[in-house]
Amino acid sequence: MTDVGMIALAAALAIGLSAIGPGIGQGIAASKALEGMARQPEMAGKLQTTMILALALMEALAIYGLLISFMLLARM
């Protein structure tokens, strides 16, 4: 396999694998937050704020993977 092919494969793996973890984590966090809102509706505002902050921090991991894939593709 050529160097260009290896770099393209590495970039694809970087973005693909970095999206799996945050995707699963965001799904679990959202389901638990909604479950908590259903059990205690009076806490919905506080739970929503905390959930959005947590989702933003998880999304940063996927953005790091995207950044790495861009850096790899710039070497082509």
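Label point of A44 set 7 angstrom out along Cα-Cβ; within the range 6-32, no amide nitrogen lies under 12 Å from it. Using C-alpha pairs under 8 Å with a sequence gap of at least 6, the mean separation divided by the residue count of the chain gives a relative contact order of 57 percent. The portion of the accessible surface of the chain made up by carbon and sulfur, rounded to a whole percent, is 74 (1.4 Å probe; DNA, RNA and ligands excluded). If R0 is taken as 25 Å, the Cβ-Cβ distance between V4 and I63 corresponds to a FRET efficiency of 0.50. Pairing the Cα long axis of helix 44-74 with the longest principal axis of the chain, what angle in degrees results, from 0 to 90 and rounded to the nearest 10? Orientation of helix 44-74: about 0 degrees from the principal axis.
In the full protein context, the chain carries 72 Å² of accessible surface per residue, based on a 1.4 Å probe and ignoring ligands, DNA and RNA. Note on mean projected area of the Cα convex hull in nm²: of the candidates (1) 4.4; (2) 5.6; (3) 5.0, the value calculated from this structure sits at (3). What is the Cα centroid distance between the range 21-52 and the range 61-76, reported in whole angstrom? Spelled out, the Cα-based centre of one part sits 30 Å from the other.
The values are calculated or read from the model by the stated rules, or taken from the named source; none is laboratory data. These numbers come from a predicted model, not from an experiment. Neighbour counts are summed over all protein chains in view; Cβ atoms, including those assigned to glycine, are modelled from backbone coordinates with ideal geometry. We work out accessible area using only protein heavy atoms, side chains counted, and drop any ligands, DNA or RNA first. Shrake-Rupley method; radii C 1.70, N 1.55, O 1.52, S 1.80 Å.
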